[in-house]
């Protein structure tokens, strides 16, 4: 008997996904920041002594930075006692209000800061309104102390947040260019409790995870990393902002200073300072609308004999391959008789 097939094209509902022009790669020099959903934003708290849940549950297949004593040592400050001496991972997210960061630090010995000693067990991060490419070609007029070899501009910001020992610190160093003094201010110590008032919603916390692991969560309003002129209710998606830094480590007060840096240098370096900058890329959101031909077999048995999974570009995902949580994929069911049915789904294996 001749089999009769009817081909029906179905337009699926638009689905919002986050896309980046840059591949997810913890070893490159672009950190992709992901747009927070309202539910994720509601999870964020800088007073709960814990990481917001989305940093873990929603991060499969997403980008992060990984710095260790082998690949990221600052030359001359690399007298490490072993791989467990210091290790840091950094993740980034954002919304219309500002930038969110999560740092997880493993350190075999955590010590307390002394005064404003930035060298003592501190996350030490830099931001600039310009991208790394723009920084490399910036006008000398906006560079701060170029005669020193610095790679800082009038829109550069530096945050140094201590980890602390038995108790977590309640202050940080927030350094920036002061147009009244025509210089980069270093040693500006600020209490966490004063951040929301002094800096319009800035919020930072440090929390203990184990004897050798601590975490930090930051929220920084856009205007404090120089990203201004954003229309209300929108986000600067697709934009790159200059970013670099790492972790400063000591095993005892006044001891040997050891430094992890993303690109083995930083904007204060005597040489290679400009090359120390990488970027945070703000991932864009896009609507994916998939139209798939679905073969409705009217004559043969429609029982599924196998299922295949494809990405949105039509590339088959091999069986047994992990798929990032909440990934949009195409499910294709092969039916008895040779026909198939396809649909777009969010998939987790």
Would you confirm, using the coordinates I've provided, whether residue 187 is on the phi > 0 side of the Ramachandran plot and either touching a strand residue (DSSP E or B) at 6+ places or on another chain (Cβ under 9 Å) or loosely packed, with under 15 Cβ neighbours inside 10 Å (or both)? yes
Go through segment 205-223 and count every residue that is surrounded by fewer than 20 Cβ atoms within 10 Å (Cβ to Cβ) and in a helix (DSSP H, G or I). 1
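Can you list the strands (runs of 3 or more DSSP E) found entirely within segment 1-42 that contain at least 3 residues being at pLDDT 85 or above? Before the answer, list the steps.
Working: elements: 5-11, 15-19, 30-35.
Result: 30-35.
For the subset of segment 310-347 comprising residues that are under 21 Å from residue 59 (Cβ atoms) and part of a strand (DSSP E or B), which member is modelled with the highest pLDDT?
Step by step, filter segment 310-347, then rank; the result is 317.
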All but one of (1) modelled with pLDDT of 90 or more; (2) touching a strand residue (DSSP E or B) at 6+ places or on another chain (Cβ under 6 Å) hold for residue 200, so report the exception by its number. (1)
Within segment 43-83, the residues that are outside any loop (DSSP other than H, G, I, E, B) and either touching a strand residue (DSSP E or B) at 6+ places or on another chain (Cβ under 7 Å) or buried (at least 21 other Cβ atoms within 10 Å of the Cβ) (or both) are 54, 55, 65, 66, 67, 68, 73, 83
Being in the same structural domain as residue 242 (by TED's automatic domain parsing), surrounded by fewer than 19 Cβ atoms within 10 Å (Cβ to Cβ) and closer than 18 Å to residue 250 by Cβ is true for just one of 149, 115. Which residue is that? 115
Counting only residues in segment 238-278 that are modelled with pLDDT under 95, crowded, with 17+ Cβ neighbours inside 10 Å and under 18 Å from the mean Cα position of the chain (by Cα), the one farthest from residue 133 (Cα to Cα) is identified as 239
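The values are calculated or read from the model by the stated rules, or taken from the named source; none is laboratory data. All values reported here derive from a predicted model rather than from experimental measurement. We place every Cβ from the backbone using ideal geometry, glycine too, and count neighbours over all the protein chains shown.
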